[in-house]
2 protein chains.
Amino acid sequence: MATMQDVARHANVSIATVSFTINNTKPVSPATRAKVEAAMQELGFRRNVVGRALASKRTRIIALLFPALQHSFSGTVVHFFTSAAAAARELGYNLVLWPISNDAGQTTELTSTGLVDGVILMEVQFDDPRVEELEKSGTPFALIGRTRDPSALTYVDINFEDTLAAAVRHLTELGHSRIVLLDDAVGSRDLEGFGPVGRSRDSYETEMRRRGLEPASFTCEATPRAGKAAAAVLLRNFPQATGVIIQNELAATGFVSGLRHAGIEIPRDLSVLSVGSSAEMAAMADPELTVMSSPSTELGRMGVEALIDQLEGRASELRQELVMCTLEGGQSTGPAATPAH
Amino acid sequence: MATMQDVARHANVSIATVSFTINNTKPVSPATRAKVEAAMQELGFRRNVVGRALASKRTRIIALLFPALQHSFSGTVVHFFTSAAAAARELGYNLVLWPISNDAGQTTELTSTGLVDGVILMEVQFDDPRVEELEKSGTPFALIGRTRDPSALTYVDINFEDTLAAAVRHLTELGHSRIVLLDDAVGSRDLEGFGPVGRSRDSYETEMRRRGLEPASFTCEATPRAGKAAAAVLLRNFPQATGVIIQNELAATGFVSGLRHAGIEIPRDLSVLSVGSSAEMAAMADPELTVMSSPSTELGRMGVEALIDQLEGRASELRQELVMCTLEGGQSTGPAATPAH
């Protein structure tokens, strides 16, 4: 089997240069990298990741703890994952996905294998047992999400506070004042305080009250059928509503269908604004939903960078960043109907 | 740091038992496993995967080459991935996801790292350059999918042949004879012969002719908007159609919306059968689509098992299995309209 010496001789570079190229330990010019890689390929040189890991006590593998909460993977979560895997790869790491529950024991089981250099947590709860467990184990980690008090942690997250305030503003600017929030039942039931739902509801309520409006919210499961049923609940329990903010991506298409079957025309009779969804999922509804789309691609990348900066000692201070959802066109919001009913 | 000896003493079992438990090399009773794991946790024993890998020349990591073709991840692909990751974990392996293109060079780059024991390929083309590359490298692999002639390879795949024949039969039994196939443009353009599209279209045409019916097919991109546009194309180019088989999960909701906007009532005026989709995505359409749902969860697991059987020398013969899509209820197929037009 070819050695590093063979590769260096073949590429006409120093052994150090081969090492820098292989291990990403120092910058190498694209031309040199190409020469070294061509030589490695020609000679069938196998970069022995495992051997290198043993020498450096590093594996260059990071784990994304898989959001087992949402077995029905939404469009948004997919973006988190694909961008995280691509970012890791660009930075010379491999991303392993671990489909495990939000459970401290399973987290320890993972980190105690010595397989991974660090961990990214998703679907973070206000009081997340995994965080304490990771701190105890000494494993570097970053959150995509936030605990109740994340001030001492590395995290990137959606700015739910500003996003919901902007959602309310979008609808009030269109003349709406009776605006109802429909969110995801998982937040209140399966998780003792799931950040996105809790923070969003708080922000919605604060913003409504700040504007002298009465907040009202309800919840449904994350399925199209539950969304359809939620349309009937809305019409029965909130007959005065002219605007709905829905933060439940998988229920949104069904919610819109349910309204149509009840004779409600969107946005003439009711405006619907989908928050934290992917644009692709929003486009599956009829009409296509106006959406404040989740910055998932950006956050997946930022989470990986925040972790790798820690691993490589480049993190001079804690990285803590929030990104807003951005309003994208759609056909489901419009001027409030004249208050006839 | 605690050693295996320490763990054995603490758990009051033999060192061999600790080793079997850690390395999954022999069955261990649940009670014994629990004792050993409790001792490992108490003593802070770190199972050193990396050291073990170097000793055994195995990493117990397998890679799922990520279907870079479908950046808009459909519900179906998600099931493949989650079930594969869970199956790997149960069998004592870790699944890495690699978002790379269907490209031989990148495949070599991956396998030459020595990081993975084996590879699972998805989104297999008829003439897939990755297969030859993997054979050359000596890396064990399994396909979820099939090349043109997969007779010498380990694979699991959807039985597209029987599935499309069953789809045609479902509609003919309801009295349909003018049945059009709408499939995914990716099959004809981005990929020189993508298995699912090519095999399905062949089988659809064969089955139609066998029944003395005239096959007709067209194609659209995999987006809701493209599906909506495809509805107009259908009505213009195939005005006689009473049944449509759609094999394009991401276009299906838009296709149905487009038909509704054109005044077509489903299934009264037109039956629509979605093939190879997930039931969740089919439920997002209005009406909910009758679907022949993809056996994705099953295939993800089978693909992992087929690979690991090879890795562990348990594969006495090539595993080659096909699984059909199964017909699930829905509201979008019904008796053919009386041929009035």
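Things worth noting here:
- Gyration tensor verdict on region B:160-294 (Cα atoms; rounded if a/c is under 1.5, prolate if a/b is larger than b/c, oblate otherwise): rounded
- Under the convention that each Lys and Arg Cβ holds +1 and each Asp and Glu Cβ holds -1, the size of the dipole of chain A around its Cα centre is about 800 debye.
- Using the Cβ-Cβ distance between residue B:240 and residue B:202 with R0 = 30 Å, the FRET efficiency computed as 1/(1 + (r/R0)^6) comes to roughly 0.85.
- A simple rule links phi to the HN-Hα coupling: the Karplus curve 6.51 cos²θ - 1.76 cosθ + 1.60 with θ = phi - 60°, which for region B:144-158 gives 9, x, 9, 7, 4, 10, x, 4, 9, 10, 7, 8, 10, 7, 6 Hz, with x for Gly and Pro.
- Derived scalar couplings ³J(HN,Hα) [region A:284-300; Karplus, 6.51 cos²θ - 1.76 cosθ + 1.60; whole Hz; x for Gly, Pro]: 7, 7, 10, x, 4, 7, 5, 9, 9, 7, 5, x, 5, 4, 4, 5, x
- Ascending count of other beta-carbon atoms within 10 Å, so fewest first, for A:246, B:264: B:264, A:246
- Straight-line cross-link partners of residue B:26 among the aspartates and glutamates, defined as a Cα under 20 Å from its Cα and at least 8 positions apart when in the same chain: A:109, B:37, B:90, B:117, B:305, B:309, B:312.
- One Cα centroid belongs to region A:284-306, the other to region B:176-255; the line between them spans 30 Å.
- The string of couplings for region A:211-216 from the Karplus curve (6.51, -1.76, 1.60, θ = phi - 60°) is 8, x, 10, 8, x, 8 Hz, one whole number per residue in order, with x for Gly and Pro.
- Number of partner chain Cβ atoms within 10 Å, mean per residue of A:112-119: 5
- Fraction of beta bridges assigned by DSSP in chain A that are antiparallel (%, nearest 5): 10 percent
- Between B:232, B:279, B:63, the residue with the greatest mean-square fluctuation in the GNM of chain B (Cα pairs under 10 Å linked by springs) is B:232.
- Charged-residue dipole, Cβ positions (Lys, Arg, Asp, Glu), the protein assembly as shown about Cα centre, Debye nearest 20: 1000 debye
- Taken residue by residue and averaged, Cβ atoms of other chains lying within 10 Å of the Cβ of A:277-288 number 5.
- Each DSSP beta bridge with both residues in the protein assembly as shown is either parallel or antiparallel, and the antiparallel ones are about 10%.
- Per-pair calculated FRET efficiency, R0 = 30 Å: residue B:321 and residue B:109 via Cβ, rounded to 0.05: 0.50
- Rounded to the nearest 20 debye, dipole of region A:160-294 from Cβ charges on Lys, Arg, Asp, Glu: 420 debye
- Label points for residue A:132 are taken 7 Å from Cα along Cα→Cβ. From this copy to the others they lie 5.8 nm apart, shortest first.
- Relative contact order for region B:160-294: 24 percent, from Cα pairs under 8 Å spaced at least 6 residues apart, divided by residue count.
- Cα pair distances in the protein assembly as shown, grouped into 20 Å bins until the bin that holds the longest one, percent each: 17, 45, 32, 6, 0
- Here's the picture: charge each Lys and Arg Cβ at +1 and each Asp and Glu Cβ at -1 in region A:160-294, and of A:293, A:217, A:196 the one pushed furthest to the positive end of that dipole is A:217.
- Which of B:114, B:99, B:336, positive extreme of dipole for chain B (C-beta unit charges): B:114
- Values of log10 I(q)/I(0), in the order q = 0.13 Å⁻¹, for region A:287-337 under a Debye, Cα-only, solvent-free model: -0.49
- Near the amide H of residue A:246, within less than 5 Å, lie the amide hydrogens of A:182, A:273, A:274, A:275, all on another chain or at least 5 residues away, with H placed in the peptide plane.
- Leading residue at positive end of dipole, chain B (Cβ point charges), from B:147, B:185, B:81: B:81
- Fewest-first ranking of A:3, B:59, using other Cβ atoms within 10 Å as the exposure measure: A:3, B:59
- Eigen-decomposition of the gyration tensor built on the alpha-carbon atoms of region B:4-47 gives equivalent ellipsoid semi-axes of 14, 10, 10 angstrom, largest listed first.
- Dimensions of chain B along the principal axes, based on C-alpha atoms and rounded to the nearest Å, stand at 84, 41, 34, largest first.
- 5 angstrom amide H check on residue A:118, placed H, neighbours 5+ away: A:63
- Within region A:233-302, the trypsin sites (Lys or Arg not before Pro) that combine a DSSP coil assignment with at most 15 other C-beta atoms in a 10 angstrom radius are A:268.
- Within the listed set B:219, B:242, B:108, the residue fluctuating most in the Gaussian network model of chain B (springs between alpha-carbon atoms under 10 angstrom) is B:108.
- In nm, spacing of pseudo-spin labels at residue A:312 and residue B:218 (7 Å Cα→C-beta vector): 5.1 nm
- Secondary structure note: in region B:227-341, about 25% of the DSSP beta bridges are antiparallel.
- Normalised contact order of chain B, rounded percent, pairs of Cα under 8 Å and 6 or more residues apart: 17 percent
- Remark: mean inter-chain Cβ contacts per residue of A:82-90 equal 3, using a 10 Å Cβ-Cβ cutoff to other protein chain atoms.
Coordinate-derived values only; no laboratory data. Everything quoted here is computed from the prediction, not taken from an experiment. Using ideal geometry, Cβ is built from the backbone for each residue, glycine included, and neighbour counts are taken over all protein chains shown.
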